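One structure is given here, and the rest of the page talks about it.
Throughout, read-outs are computed from the coordinates displayed, never taken from laboratory work. A quick note: this is a predicted structure, and the numbers were derived from the prediction, not measured. Note that each Cβ is placed from the backbone with ideal geometry, even for glycine, and that neighbours are counted across all protein chains shown.
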Amino acid sequence: MTINSRIPGFKDLTVEERRNKIGEMVGFTEDDKKLLSLETVPRDVLNRMIENVIGYFPSPLGVATNFKINEKDYLVPMVVEEASVVAAASNAARIARIKGGFYATTTDPVMIGQIQVLNVDTPFFAAQKILSEKERLLKKANDLDPVLVKFGGGAKDLEVRVIPSILEEMVVVHLLVDCRDAMGANAVNTMVEGIASDIEEITGGKVLLRIISNLADRRLVRARAVFDKDALGGEEVVDGILAAYAFADADPYRAATHNKGIMNGITSLVLATGNDTRAIEAGAHAYAARFGYYGSLTTYEKNKDGDLVGTIELPMALGTIGGATRAHPTAQLSLKILGVKTAVELAQVAASLGLAQNLAALRALATEGIQKGHMKLHARNIAASVGATGELIDKIAKKMVEDKKIRMDYAEELLKKFTGRN
Ligand code: MEV
C-alpha cells in the first residue's frame, strides 16, 4: 500500500479524526481502533512481559507526518511524554521533502557477543589458537539457532582481542552474529553461552562473562538529507545551524544535549515499536565516543547552493520480530502504521527521524530559542494541571501565550477569571 505522509492540517484534527485518518490510510480493523481508544493491552500480556505487574502506564502515541525515506512515504509512530517533539520532527521532515526527503542505508544487522576469558597464561598465543578453530566454533554456535540460519542469519565471524585491564590481560572473544529481523540479544547470548566451554578448552583459561555488546558498531545505519535554505529561513539560519553543530562537535557538554535531541526522536519510535530503548541509547552514546572523545552523532555542511546538508550515523539494534515487539499489540499496530517489512527498514526510519529531530532542535535553538514553541505546547499542560477542563484548556493556554505569561500562577488566575470561581 502506498501512502502519502504529507497530511496538511493533521495537527488541527481531533484525536478521533486523526485516528480515523490514519486508520483509512493504513487500514485499521475494529480491534486496532479499540486498542487506540485507550482500552489498551490485555492484562495477561502485561503480566507476562515483566514481574510484579500492578497495572500499566499509558503514554501518548503520536504520528509524525511528512517523512519520505528512500522515495517511500512513512507515517512514524512515536511514544513520548515531551510536548513539541512530534511536531518538530514532522516539521523538519516537511523541509527535507523539498529536496527529495531522506536517503538511508544500513550495514548487515550484525551484533557482537562477547566472551571474557580470564587466567590465560599466554593471551596472544591463545588468541591465535581460538582463531584457528573458528569454523568449528561458528558451526557450533549456528547449530544452536537453526531458524536464524534458515533466514540467512547466524554466526558469521569471530574475532579475538587481548585487552589490558586493572587485573590482568584478558582474552575477549567477539562472536559476530547476523540477527536479520530480530534485535538479537537472545540469539547472541545463547550462542556465546553455548561455545564458552570450547573456548575454555582451547585456551586453558576461565570464561566469565558471556553477553551481547550494546556498542553495536557492526549494525550501523546512515541517513542523509538536504534541507532547503529558504524553507529553513535563509542563509543566516543555515549558518546558525552550522555554528550550533560546530559547538556540539567541539564540546561534550553540548554534544550530550545535541545527541539527547536526536534520541528524542529515535527513542520515541523504539518505544512505540516495543524495542529496547536502553540498548539503543547505550549504543548511540558509546558510538558517539568511539574516537576517544564524546561527539555529535550528526554532521552538517553547506552545499554550493547554500542549502544545509545533514548526515547521521549510529548503531541501531532494532527488531521487528520477537520480544515485546511481538507480544505487545500496540507495538504491532505501530509497525502496521509504519508499514515497514524488515528491521533494516525500521532502522532507516529511526535514523532519518533522529536527523529530522536534531535539525528541528538546532533550527529552533539557532533562531527564536527552544522555549517559545515548547512553552506554547506546554501551556495546555499547565492549564490542565491547575484544573481546567474541556475548551477552557485551550482558552487559558491561548491567553497565557498571548500575554507571554506561561506560568501556573497565571493559569490559576485565568481559571478563576473564566469560571468566575474563587
Ligand atoms: C530537548 O528535549 C532537546 C534539546 O535540548 C536538544 C538540543 O539542545 O539540541 C532541544
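GNM on the chain, alpha-carbon springs under 10 angstrom: the most fluctuating residue among L297, L318, L118 is L118. Under a no-solvent Debye model with one identical scatterer per Cα of the range 282-362, what's log10 I(q)/I(0) at q = 0.14, 0.21, 0.24 Å⁻¹? With one equal scatterer per Cα and no solvent, log10 I(q)/I(0) is -0.62, -1.03, -1.14. Here is how the number arises for the chain: DSSP H runs of 4 or more residues each give -39500 (n - 2.57), the sum is divided by the residue count, and the result at 222 nm is -15500 deg cm²/dmol. Contact order for the chain, expressed relative to its length and based on alpha carbon pairs under 8 Å spaced 6+ residues apart, stands at 18 percent. Placing pseudo-labels 7 Å out from each Cα toward the beta carbon at A246 and T342 gives an inter-label distance of 4.0 nm.
Taken one residue at a time, the phi angles of the range 72-80 give Karplus couplings (6.51, -1.76, 1.60, θ = phi - 60°) of 10, 7, 10, 9, 10, x, 9, 10, 7 Hz. Gly and Pro are set to x. This ranking places M316, M49, M375 by how few other beta-carbon atoms lie within 10 Å of each, fewest first, which gives M49, M375, M316.
As a proxy for reagent exposure, ranking I98, I337, I50 by other Cβ atoms within 10 Å from fewest up yields I50, I98, I337. Net charge of the neighbourhood of K140, taken over other residues with C-beta under 13 Å away and scored Lys/Arg +1, Asp/Glu -1, is -4. Highest-first packing order for the peptide set 301-310, 320-329, 351-360 is 351-360, 320-329, 301-310, based on the mean count of other beta carbon atoms within 10 Å.
If you restrict to DSSP beta bridges whose two residues both lie in the chain, what percentage is antiparallel, to the nearest 5? Write down the numbers at each step before the final one.
Details: 48 of 50 bridges.
Restricted to the chain, the bridges split so that about 95 percent are antiparallel.
Placing +1 on the Cβ of every Lys and Arg and -1 on the Cβ of every Asp and Glu, with no other charges, gives the range 110-213 a dipole of roughly 200 debye about its Cα centre. P(r) for the range 372-419, from all Cα pairs and a bin width of 10 Å, is 34, 60, 6 %, short bins first. Name the residue, out of F57, F102, F227, whose mean-square fluctuation peaks in a Gaussian network model built on the chain with Cα pairs under 10 Å. The residue that fluctuates most here is F57. Each of Y294, Y253, Y245 was scored by other Cβ atoms within 10 Å of its Cβ. Arranged with the fewest first, they read Y253, Y294, Y245.
Just to verify a number: FRET efficiency for N47 and F151, C-beta to C-beta distance, R0 = 22 Å, to 0.05? Step by step, r from the Cβ atoms, then E = 0.15. Once the C-beta distance of N189 and N303 is scaled by a Förster radius of 41 Å, the resulting FRET efficiency is 0.40 to the nearest 0.05. Full extension of the chain segment joining D143 with T257 gains 36.6 nm, where the gain is 0.36 nm per residue of separation less the Cα-Cα distance. Note on R136 and K416: their simple-model spin labels are 8.3 nm apart, each label 7 Å out from Cα toward Cβ. Roughly speaking, what is the centre-to-centre gap between the range 293-323 and the range 339-373 when only Cα atoms are used, to the nearest Å? Taking the Cα centre of the range 339-373 as reference, the centre of the range 293-323 is 9 Å away. Please work out, to two decimal places, the log10 of the ratio I(q)/I(0) at q = 0.10 Å⁻¹ from a Debye calculation in which every Cα of the chain carries one identical scatterer. The calculated log intensity ratios at q = 0.10 Å⁻¹ are -0.79.
FRET efficiency for F57 and Q371, Cβ-Cβ distance as r, R0 = 22 Å, nearest 0.05? Please report the intermediate quantities before stating the final value.
Values: r = 27 Å, r/R0 = 1.25.
That gives a FRET efficiency of 0.20.
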